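See structure below.
The values are calculated or read from the model by the stated rules, or taken from the named source; none is laboratory data. What you are looking at is a predicted structure, and each value in this text was computed from that prediction instead of being measured. Backbone-built Cβ (ideal geometry, glycine too); neighbour counts: all protein chains shown.
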Amino acid sequence: MAAAALVPAWAGLALVWAAVPGCGRGQDSGRGASPVSVEPREPPPLVERSARLSSGRTITGVLFDLGFSTSEAYAVVDAMRPVANPRRVRAGVVFSLKSEPAGGAPVILSAQLDADRTLVWIPWATAGPVAAAGNGSVGAAGRAQQFGAERLWIARIDSTAARHDTLVARAVIRDNLFEAEWMSGAGPLDRRSSIEVALGLEAVYGWQVDFWRDLREGDEIAVLAAVQIRPDGSYRRFSVLAAELTNRGRTLAAVRFVMGEVPRTEYFDEAGEALRGQFLRSPLEVSRITSAFNPSRYHPILRQVRPHRGVDYGAPRGTPVRATGAGTAVRAGNWRGYGLMVELRHPRNMRTRYAHLSRLGTGIGVGTVVEQGDVIGHVGDSGLATAPHLHYEFLRGGVHVDPSRLDLPRAEPVPDSLKAAFRADALPMLARLRYALRQMNRRFSWRRVQD
Ligand SMILES: [Zn+2]
């Protein structure tokens, strides 16, 4: 709600109110200088009514609920057209009307369209006199008259102000990151936004540490993030500038570096080694291993000891399966007990297999070139499978290896030509994080960092 928009309305209201003989003694002065009252008085509060746009209803219907006449409602909807499409207003949006007390004139109408935009209408004047005011208002006033509305309404969009802040937080892991203390919603970021930042950290460290399996009680994670925060504590945008994770006694620093002619954000450790790997740790976005790599496993369908040369991930049918690394499809179809499967060939003589699929990804066939993260298929139970799951194999030099234990090769480090820029732009963020942490003592929730 725009305070500025309220000012003229409030001023006008105060004037009207002061002119009313409210204390029983007549006043003939309309100027608002009241000799009756010596104490400053607050104007009576505006009356607020609100109505929700439910699905299938029109804005006009909501305005009727708020007491608008047909002509007035049409004038209001017409006024919003230059700034917002009336048909695009989502169901659930609440329209709120503030009026002068006791059935008085409307003062302001507003509707928060989304987290960042509020539509505000102000009754500008009666339609008649304003029609002569000139320029832009003539057309609207003319239309207001056409609808027979009493007032001319002016609409505009108010943007939610978001503050730019640099925040620091530290968490000691209890069970998993999402139960850490900084997730409580204390501090400038609300709980949901804190979780989003945690997911951002998972994206930074995901190649090195599996946040769902590798974190242990007592591990610590600290983050320095640039955040645009709305007044309600939600974020509009955030970027992890630097982070430090202590996992089972090993400390992993991460620092953001924007590089390249087409700017690309990558995370590196202090030495300039990439955190991103040549391979994702898991082909599924949220992964749960249901059967590990095991050279002497008893097979439930074949009823005999059969080595399990891959890792099984439990997931519902249809879950997207991602290429863990960039490569070329050398198989894409049904193959023996694998059922419907995809095999990818990667640089450095490595291959990955994705089996028991329900269907292939769009455009995937033998010879298709894929990037890391591309969806190559969907989880199913084709071939020798008792229930939908993904069977994932990793072959290095033609030999099956356990992908969950593999020390996966990393992506390219900071190029020599950019090392100076990396030291000047990126590394100071890590120093800033460590400095901020020293100021925090044992407080774990979000804190602002002074520039
Ligand atoms: Zn398997």
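Condition (residue is within 15 Å of the ligand (Cβ to nearest atom) and in a loop (DSSP other than H, G, I, E, B)) applied to the range 256-265: is it met by at least one residue?
Within the range 256-265, not a single residue is within 15 Å of the ligand (Cβ to nearest atom) and in a loop (DSSP other than H, G, I, E, B).
How about the range 38-79: which of its residues are in a helix (DSSP H, G or I) and farther than 21 Å from Gln112 by Cβ?
Thr70, Ser71, Glu72, Tyr74, Ala75, listed by residue number.
Does any residue in the range 80-104 that is in a loop (DSSP other than H, G, I, E, B) come within less than 9 Å, Cβ to Cβ, of a residue that is acidic (Asp, Glu) six or more places away or on a different chain, and which pairs are these?
Arg90/Asp114; Val93/Asp114
From the list His378, His391, pick out the single residue that is surrounded by 16 or more Cβ atoms within 10 Å (Cβ to Cβ), within 13 Å of the ligand (Cβ to nearest atom) and in the same structural domain as Val321 (by TED's automatic domain parsing).
Exactly one of His378, His391 is surrounded by 16 or more Cβ atoms within 10 Å (Cβ to Cβ), within 13 Å of the ligand (Cβ to nearest atom) and in the same structural domain as Val321 (by TED's automatic domain parsing), namely His391.
Which residues, counting only those in the range 189-214, are part of a loop (DSSP other than H, G, I, E, B) and in contact with a helix residue (DSSP H, G or I) (Cβ under 6 Å, 6 or more places away or on another chain)?
Of everything in the range 189-214, just one residue is part of a loop (DSSP other than H, G, I, E, B) and in contact with a helix residue (DSSP H, G or I) (Cβ under 6 Å, 6 or more places away or on another chain), namely Phe211.
Which of (1) within 16 Å of the ligand (Cβ to nearest atom); (2) more than 16 Å from His356 (Cβ to Cβ); (3) crowded, with 17+ Cβ neighbours inside 10 Å is the odd one out, the single condition Val414 does not satisfy?
Here Val414 meets the rest and fails (1).
With respect to the numbered conditions (1) within 15 Å of the ligand (Cβ to nearest atom); (2) modelled with pLDDT of 95 or more; (3) more than 32 Å from the chain's Cα centre (by Cα), which one is the sole condition not fulfilled by His400?
Failing condition for His400: (2).
Which one of these does Gly314 not meet: (1) away from the ligand (no atom under 13 Å from the Cβ); (2) surrounded by fewer than 21 Cβ atoms within 10 Å (Cβ to Cβ)?
(1)
Is it the case that the range 134-152 has a residue that's modelled with pLDDT under 90, under 22 Å from Phe238 (Cα atoms) and among the aromatic types (Phe, Trp, Tyr)? Walk me through how you get there before you give the answer.
Of the residues in the range 134-152, the ones modelled with pLDDT under 90 are 134-152.
Remaining after also requiring under 22 Å from Phe238 (Cα atoms): none.
No, every residue in the range 134-152 fails to be modelled with pLDDT under 90, under 22 Å from Phe238 (Cα atoms) and among the aromatic types (Phe, Trp, Tyr).
Going residue by residue through the range 180-202, is there one that turns out to be closer than 20 Å to Leu215 by Cβ, modelled with pLDDT under 75, surrounded by 16 or more Cβ atoms within 10 Å (Cβ to Cβ) and under 17 Å from the mean Cα position of the chain (by Cα)?
yes
One line per residue, one yes/no per condition, for (1) more than 16 Å from the ligand (Cβ to nearest atom); (2) part of a strand (DSSP E or B):
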position: Arg297; (1), (2): no, yes
position: Pro307; (1), (2): no, yes
position: Ala332; (1), (2): yes, yes
position: Arg345; (1), (2): yes, yes
position: Arg348; (1), (2): yes, no
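Quick one: how many residues across the range 356-375 are away from the ligand (no atom under 16 Å from the Cβ) and either of a type in the set (S, T, N, Q) or in a loop (DSSP other than H, G, I, E, B) (or both)?
12
Restricting attention to the range 344-361, does a residue exist that is of a type in the set (Val, Ile, Thr) and surrounded by fewer than 21 Cβ atoms within 10 Å (Cβ to Cβ)?
No; the residues of the range 344-361 include none that is of a type in the set (Val, Ile, Thr) and surrounded by fewer than 21 Cβ atoms within 10 Å (Cβ to Cβ).
Inside the range 223-248, can you point out the residues that are within 15 Å of Ala198 (Cα to Cα) and either in contact with a Phe, Trp or Tyr (Cβ under 9 Å, 6 or more places away or on another chain) or buried (at least 22 other Cβ atoms within 10 Å of the Cβ) (or both)?
Val223, Leu224, Ala225, Ala226, Val227, Tyr235, Val240, Leu241, Ala242, Ala243, Leu245
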